[in-house]
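All remarks here apply to the structure that follows.
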Amino acid sequence: MTETLNLKAKLGLDVFKEGGPFHIQINAGKQDDPRLLTCVRLCPAGLYSLDEQGVISLSQDGCLECGTCKIICGDELLTWAYPEGASGVQYRFG
């Protein structure tokens with residue numbers, strides 16, 4: 001019998017190698033921009049979170065490097081670049 005993995009289990013197979021600065025930064029003064037709420041809702045890895053004061057923060061743990069936030073928010077709200085070589089996500093298929 002074959003086991004079917006859910007999304008969280010599949011993402012758990014991936015390896016995330018840290019090295020150098022995180023490749024996504026919320027631009028200075030933009031942490032409370034309401035347009036970032038779209039990233040809170042749509043980031044497939046759930047990296048964006050909203051605190052009680054309405055400030056949005058970003059966690060680098062588990063970034064899929066999909067570019068969803070770059071497409072949604074663009075260069076006005078985010079600075080986004082691919083990670084340096086030998087760092088970032090390494091996909092594992094299971």
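All of the numbers you see were taken from the coordinates with simple rules; none came from a lab. Keep in mind that what you see is a predicted model, and the values were worked out from it rather than measured. Note that each Cβ is placed from the backbone with ideal geometry, even for glycine, and that neighbours are counted across all protein chains shown.
Worth a mention:
- On a per residue basis, the convex hull of the C-alpha atoms belonging to the stretch 21-84 measures out at 82 Å³.
- Most to least packed among 70-78, 36-44 [average Cβ atoms within 10 Å]: 36-44, 70-78
- Once the Cβ-Cβ distance of residue 37 and residue 9 is raised to the sixth power relative to R0 = 35 Å, the FRET efficiency obtained is 0.80.
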